[in-house]
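Worksheet for the structure shown next.
The values are calculated or read from the model by the stated rules, or taken from the named source; none is laboratory data. Remember, predicted model here, so these are calculated numbers, not experimental data. Cβ sites come from the backbone with ideal geometry, for glycine too, and all protein chains shown count toward neighbours. Heads up: the accessible areas ignore ligands, DNA and RNA and are worked out on the full protein's heavy atoms, side chains in. Shrake-Rupley method; radii C 1.70, N 1.55, O 1.52, S 1.80 Å.
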Amino acid sequence: THYPILILLFHPISMKTYQNLIADCLKTVNEVFPWDLQELMETTSPPMLLDIREPYEFEALQIKGSMNVPRGILESACDYGYDETVPVLVEARDKDIVVICRSGNRSVLAAHTMQLMGYQSVKSLKTGVKGWNEYELPLQNSHGQTADIDEADAMLAPNVRPDQMPPKRRKNT
């Protein structure tokens with residue numbers, strides 16, 4: 001008996017950094033600046049605001065009228081038949097949606113995923129909640145209390161520990 005020979009060609013997949021992934025997604029994801037979103041929110045048919053940050057981030061600071069669906073459950077929240085299903089989100093595939101995160105990175109990845117799932121008009125908030133606050137647009141906490149701009153700025157600042165930084169390269173001596 002003769003068996004066909006199967007030759008597999010392995011193409012090494014180059015490792016991508018977080019920023020590489022975001023750059024790839026930006027080829028198809030549109031962004032909206034905070035001041036443009038503010039104008040859109042004042043129209044007769046404002047976009048749905050989808051904040052994909054973690055619940056503790058959302059409870060501390062949020063844009064009024066936004067709904068929280070953490071990035072970790074986004075895909076199942078966007079589809080029927082799961083514990084995480086959010087019907088109003090599933091049914092919004094043809095609606096304008098602006099995805100929000102802290103700095104505008106996670107929201108690009110989330111918007112890309114939503115496009116793959118059939119969402120027709122989804123954008124990412126460029127610069128995220130951090131940029132919204134820097135433009136001095138109002139943020140509130142989960143109780144509806146307006147957040148102080150300076151306190152919000154401190155909460156939104158990166159807090160990268162030394163062990164989270166890349167190792168320093170040794171100098172050749």
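Test of understanding: given the chain, find the longest segment containing no trypsin sites (Lys or Arg not before Pro) that are in a DSSP loop and have at most 10 other Cβ atoms within 10 Å.
Details: sites that count: K27, K168, R169, R170, K171.
It runs 28-167.
So, in nm, how far is label E75 from label S103 when the simple model puts each one 7 Å beyond its Cα toward the Cβ?
Each label point is offset 7 Å from its Cα along the Cβ direction, giving 2.5 nm.
Please get the size of the charge dipole for the chain, origin at its Cα centre, with Cβ charges of +1 on Lys and Arg and -1 on Asp and Glu, quoted in debye to the nearest 20.
On the way: 17 positive and 23 negative charges, 245 e Å.
Value, rounded to 20: 1180 debye.
Between segment 103-135 and segment 19-93, what's the alpha-carbon centroid distance in Å?
7 Å
Summarise the accessible area of the chain (1.4 Å probe, protein heavy atoms) by the percent that is carbon and sulfur. Don't skip to the answer; put the middle values down first.
Working: 6450 of 11840 Å².
It is 54 percent, rounded to a whole number.
Please report the antiparallel percentage of DSSP beta bridges with both residues in the chain, rounded to the nearest 5. Numbers along the way, then the final one.
Working: 2 of 15 bridges.
Bridges in the chain are about 15 percent antiparallel.
To the nearest 10 Å², what's T43's accessible area with a 1.4 Å probe?
Accessible surface of T43 is approximately 60 Å².
Based on the alpha-carbon gyration tensor of the chain and its eigenvalue square roots a ≥ b ≥ c, which shape applies: rounded if a/c is under 1.5, prolate if not and a/b is larger than b/c, or oblate?
On the way: a/c = 2.27, a/b = 1.33, b/c = 1.71.
In terms of gyration-tensor shape, oblate.
Skip the ligands, DNA and RNA, and give the accessible area per residue of segment 16-62 with a 1.4 Å probe, whole Å². Could you put the intermediate results ahead of the total?
Details: 2760 Å² over 47 residues.
Value for segment 16-62: 59 Å² per residue.
Find me the longest stretch of the chain that has none of the exposed GluC sites (Glu not before Pro), where exposed means in a DSSP loop (not H, G, I, E or B) with at most 11 other Cβ atoms within 10 Å. Numbers along the way, then the final one.
Numbers: sites that count: E42, E91, E136.
Of all site-free stretches, the longest is 43-90.
May I ask you to give the solvent-accessible area per residue for segment 102-173, in square angstrom, as obtained with a 1.4 angstrom probe? Intermediate values should be presented prior to the final figure.
Details: 4970 Å² over 72 residues.
On a per-residue basis, segment 102-173 sits at 69 Å².
Would you mind calculating the relative contact order of segment 89-147 from Cα pairs under 8 angstrom and at least 6 residues apart, reporting the percent as a whole number? Provide the component values of the computation, followed by the final result.
Working: 77 pairs, mean separation 20.4, N = 59.
Relative contact order comes out at 35 percent.
For a Förster distance of 22 Å, can you work out the FRET efficiency between the beta-carbons of R93 and E39, rounded to the nearest 0.05? Let's see the in-between values first.
Details: r = 24 Å, r/R0 = 1.09.
Computed FRET efficiency for R93 and E39: 0.35.
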